[in-house]
Amino acid sequence: MMANPVNNEIRYLNPTTGEVKKKKYCRFKKAGIKYVDYKDAEFLKRFLNEQGKILPRRLTGTSLKFQKKVAQAVKRARHLALLPYVTDLLK
């Protein structure tokens, strides 16, 4: 049996949309922040999801240099009980 020549359309797993994604940027470089303060828990919560896990760079757009500083600051804040290690609803 030959393949049906009428059905020549290409199908994708995810539907292709004409949306243009916004360019990700490092908010630390843009704001000129040089030091990530581990005592500022409200600022660090922006880099955590609802379970308290650190969000990856591909979601936040943070550069590698500052992602490492954010991770270290979150770990220090957790150690001092400023942030929880795990939670159900953080935000």
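Using the Cβ-Cβ distance between LEU89 and LYS39 with R0 set to 25 Å, the FRET efficiency works out to roughly 0.60. Ignoring lysines fewer than eight residues from LYS65 along the same chain, the ones with Cα atoms less than 23 angstrom from its Cα are LYS22, LYS23, LYS24, LYS29, LYS30, LYS34, LYS39, LYS45, LYS53, LYS75.
Computed from the coordinates by the stated procedures, all read-outs in this text should not be read as laboratory data. A quick note: this is a predicted structure, and the numbers were derived from the prediction, not measured. No Cβ is skipped: glycine too gets one built from the backbone with ideal geometry, and neighbour counts run over all protein chains shown.
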